[in-house]
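The values are calculated or read from the model by the stated rules, or taken from the named source; none is laboratory data. Just so it is clear, the structure is predicted and the values come from calculations on it, not from any experiment. Counting neighbours? That spans all protein chains shown, and the Cβs are built from the backbone with ideal geometry, glycine included.
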Amino acid sequence: MMKNKNANEFKKEARLTTGNRVTIPKRFRDSMGLKPGDFVAFKIKNGYAEIIAVPQEGTEETRRSRKPKARNEA
């Protein structure tokens, strides 16, 4: 884990799995207050990817994704 000059900035590399998944490192999850089942948003800004914790009430997009699917959609 590399610590940036700014005390609140951290950098850690992670490998993308064959299933195109990556684990958010524990220090980052703890710092962001993330728990299993929480939602995050991804944003590309100035060539950098940002991971943003989504509030419990969520955004319109996450509220739609939380709705249970009808039996014929599963």
Report whether or not T18 is at pLDDT 90 or above and surrounded by 10 or more Cβ atoms within 10 Å (Cβ to Cβ).
-> no
With the checklist (1) modelled with pLDDT under 90; (2) under 11 Å from the mean Cα position of the chain (by Cα) in hand, flag the one item K69 doesn't pass.
-> (2)
Which residues, counting only those in the stretch 25-45, are loosely packed, with under 14 Cβ neighbours inside 10 Å and in a loop (DSSP other than H, G, I, E, B)?
-> G33, K35, P36, G37
Examine the stretch 22-36 for a residue that is modelled with pLDDT of 85 or more and more than 15 Å from the chain's Cα centre (by Cα), and state whether such a residue exists.
-> no
Looking only at the stretch 1-15, and only at residues there that are basic (K, R) and part of a strand (DSSP E or B), the one that is modelled with the lowest pLDDT = K3
